[in-house]
Structures are given as C-alpha cells and as structure tokens.
1. Going Cα to Cα from Lys295, which lysines come in below 18 Å? Please leave out same-chain ones fewer than 8 positions away.
2. Give me D for the stretch 47-146 in µm² s⁻¹, whole number, from Stokes-Einstein with Rh from the Kirkwood sum over alpha-carbon pairs, 20 °C and 1.002 mPa s.
3. Rolling a 1.4 Å sphere over the protein heavy atoms, what is the accessible area per residue of the chain, to the nearest Å²?
4. Net charge within 12 Å of Pro283 by Cβ-Cβ distance, Lys/Arg positive one each and Asp/Glu negative one each, not counting Pro283 itself?
5. Helix 145-154 against the longest principal axis of the chain: what's the angle in degrees, Cα atoms only, rounded to the nearest 10?
6. Filter the trypsin sites (Lys or Arg not before Pro) in the stretch 226-315 down to the DSSP loop ones having no more than 13 other Cβ atoms within 10 Å, then list what survives.
7. Rolling a 1.4 angstrom probe over the protein chains, ignoring ligands and nucleic acids, what is the accessible area of Phe339 in square angstrom, nearest 10?
8. Two decimals, Cα atoms only, Kirkwood Rh: what is Rg/Rh over the stretch 158-261?
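The values are calculated or read from the model by the stated rules, or taken from the named source; none is laboratory data. Not measured: the values here are computed from a predicted model. Because the Cβ atoms are built from the backbone with ideal geometry, glycine has one as well, and the counts that use them run over all protein chains shown. Ligands, DNA and RNA are excluded from the accessible area calculation, which covers all protein heavy atoms including side chains. Shrake-Rupley method; radii C 1.70, N 1.55, O 1.52, S 1.80 Å.
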Amino acid sequence: MRFFGRLMFVLTVLLFAGLASSSSFAKAVKVGVVLPMTGPIASFGQSDWKGIKIAASLKPTVLNGRKLKLILLDNKGDKVETANAVSRLIFKNKVSAVIGAVASGNTLSGAPIAEKAHVPMVTPASTNPLVTKGKKFISRVCFIDPFQGKVAAKYVYNNLHARTAAVIVDMAQDYSVGLARFFIKAFKKMGGKIVGNTFIQTGDQDFSAQIAVVKAHHPDVIYMPTYYQELALFARQARQFGLKQTIMAGDGASEEALIKVGGKAVEGLSFTNHFDPKAAVTPLGKKFVKLYRAKYHEDPSAMAALGADAYFVVANAINRAGSTNRIKINKAIRATKGFKGVTGIITLVNGDPVKSAVIQKVKDGKFVYVTTVNP
Ligand code: PHE
C-alpha cells in the first residue's frame with residue numbers, strides 16, 4: 001500500500017512536470033503592442049490590430065506550444081503616450097518584444113527606450129529612415145520614405161506628366177516632413193519644379209490659407225503626404241474652392257476613412273502604398289486577405305497587412321531564437337531572411353526590408369490598384 005501510494009505520487013509529479021514543459025502549464029510569452037487605438041489616426045490602430053489578430057489566429061503559439069500573449073496599449077497617436085507605453089511594457093509587463101508604433105513620430109519617441117533597454121521593437125508601418133538609423137534593436141516590415149518619395153515623384157512626372165508641384169506638409173508629423181523632402185528631392189532631380197510649399201498641422205480643420213497659396217501657383221499636381229483625415233478635409237475644401245489638380249499622397253492616405261470623410265472630393269486621389277488586397281503576391285498574403293474578408297467583411301488595408309507581418313516576424317524570430325531572451329530574439333528578428341509575408345518577401349538589412357510599393361487611387365468611391373513599383 002505504502003509502495004503503491006509512493007508510486008502514485010511519483011507518477012503525478014512526472015505527469016505535471018510533463019504538462020508544464022509542454023503546452024498548458026508553460027508560461028505565455030509576452031509581446032507588447034503599441035498602437036493609436038483612439039485619437040486622430042485611430043483608423044490606423046484599429047486596422048493594424050485587426051491584422052495582428054488574424055496573424056495571431058494563424059500562429060497562436062511559439063516555442064513548442066507556449067501561447068504568444070499580446071498586451072495592447074493605446075498611444076492615442078501621441079509621442080509622450082508612446083514613450084510611456086513602451087516603458088510600461090518593458091519594465092512593468094516585462095515583454096519579450098514590442099510591436100509598434102504606427103506614426104513615425106510616435107515610433108521615434110518610443111524607440112530610444114527600447115534601444116536603451118535592449119528590447120526588440122518592430123514597427124509595422126513607420127517609414128521615416130531615422131526610425132531604425134543607428135539603432136540595433138529597432139526594425140520594421142515596411143519600406144522607407146526615400147524610396148516612397150521617389151516612387152511618388154516618378155509617378156507624377158512620368159504618368160501624370162506633371163512638371164510643377166505644390167507640396168503640403170503636416171509640420172506635426174516627422175513622417176510628413178521627411179516624405180515631402182524625399183519627394184521634392186526626387187522630383188527636382190527629374191527636372192520638376194516645386195512651385196508652392198505650404199504647411200498644416202494634424203487636427204487642422206480650415207485649409208483656406210493653404211488653398212490660396214496653391215491656387216496662386218497653378219501647379220500641375222498637389223503632393224500632400226499627410227494622414228487621411230487632413231487629406232480628406234483638405235480635398236473637400238480644395239474642390240469647393242475650384243482646385244482641380246490631381247492630389248498625390250503617401251501611405252498615410254490608405255484607410256477607408258479617407259473616402260468616408262472625403263467623399264467625391266477624393267475621387268482620383270492617387271497614393272503610394274504597401275499592399276493591395278487584389279494584388280497579393282504570396283500564398284500567405286492571399287490567405288490573409290481571405291481570412292480577413294471572412295472575419296471583418298471588408299478588405300484589409302495596407303496597415304492591417306503590415307500589422308500581420310510584424311506579428312509573424314516577431315513570432316518566427318522567437319522560435320528561431322528558441323528562447324524568450326530579448327537579445328537573442330532581437331538577433332533573430334534582424335536575421336529575418338526571405339520570409340514570404342503578407343505584404344511581400346521580407347529580408348531585413350540593419351532592420352529595414354527592401355520591398356516593392358504599389359500605387360493606388362480612388363475610383364468610384366473605392367481604392368483601386370494602379371501599378372507595382374519595384375525598388
Ligand atoms: N508610414 C506612416 C508613418 O511613418 C504610417 C503609415 C504606414 C500609414 C502605412 C498608413 C499605412 O508615419
């Protein structure tokens with residue numbers, strides 16, 4: 001009897017040890033997510049999160065069955081909130097990695113904290129080159145703005161036959177300031193001329209001053225690399241005041257909210273982007289679009305697709321690292337090579353991928369695919 005009791009005890013201990021080392025009792029691996037779920041660019045955060053959730057449903061576990069637990073914090077599209085969120089995830093929640101943020105200016109504010117704490121941070125969408133420059137722990141899954149600006153300049157010069165452009169910049173966004181600069185450089189190099197350079201700030205509602213400047217210069221095209229809200233409001237007022245030029249924008253245009261707010265005024269608006277659901281090239285991209293449509297009854301935006309890719313890059317890296325050690329995970333993230341992601345094939349060099357851009361435009365109240373531009 002005594003022997004039998006002891007045997008049962010040993011067996012029970014072995015059973016629990018076995019369970020603990022496999023799935024159910026092993027601790028979840030924590031990954032922080034910082035997104036603008038509210039505030040002026042909330043559409044980006046909402047889409048990003050939807051995309052991340054689809055990716056998580058496809059790959060819910062890492063390290064042989066441990067759950068990948070996402071901790072989402074809202075940065076409201078704000079720099080200080082981003083810094084606070086990144087700190088909290090790193091020092092309080094002790095996450096193994098951070099996904100985020102969206103706006104380049106936000107990521108630039110959170111990144112130094114992750115860098116200093118040696119915690120890998122992967123931004124789905126921040127395209128400003130400074131986001132990763134000189135950093136070892138910050139990576140991204142999107143192309144960068146010197147490329148994006150050049151693609152836009154070539155498109156307006158070659159396809160829209162524009163020789164003069166007015167540029168409207170959101171001074172409050174590092175993204176907008178940087179992308180405008182790269183566009184101007186490329187457009188001038190091709191022989192184009194910038195005839196009006198005027199400024200707005202995130203949250204502006206009245207664009208009459210900027211419209212007057214543009215009107216006075218009669219540009220062939222208006223380049224406005226801002227986020228969707230200001231872009232939509234500007235377009236409405238510009239059309240009201242008789243401006244007929246094509247508006248060219250950047251990836252900041254890429255949410256349905258642009259069309260909801262802009263209505264007829266954004267017809268013909270063209271922009272550079274990361275992904276078109278109708279032109280998905282990889283098997284994972286096609287699968288993602290199918291799952292996304294089934295779950296949300298809409299097409300995934302570029303932001304949703306990039307969110308999924310950020311999740312996959314982090315989850316795959318945790319597996320390759322074989323550990324929750326942040327430095328090992330960072331090494332594995334940075335060694336990402338030939339990953340056939342949702343938005344394309346991702347190989348990171350110093351934290352940046354080299355990827356194609358698509359050009360889309362608004363036609364009959366919808367985003368339509370125009371073309372793909374390879375680097
Ligand atoms: N590239 C933008 C930035 O750096 C964010 C963005 C990416 C917006 C993709 C829409 C789609 O701020």
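1. Reachable lysines: Lys50, Lys53, Lys59, Lys278, Lys286, Lys287.
2. 154
3. Ligands and nucleic acids excluded, the figure is 44 Å² per residue.
4. +4
5. Here the helix axis deviates by roughly 40 degrees.
6. Here the sparse-neighbourhood loop sites are Lys244.
7. 40
8. 0.93
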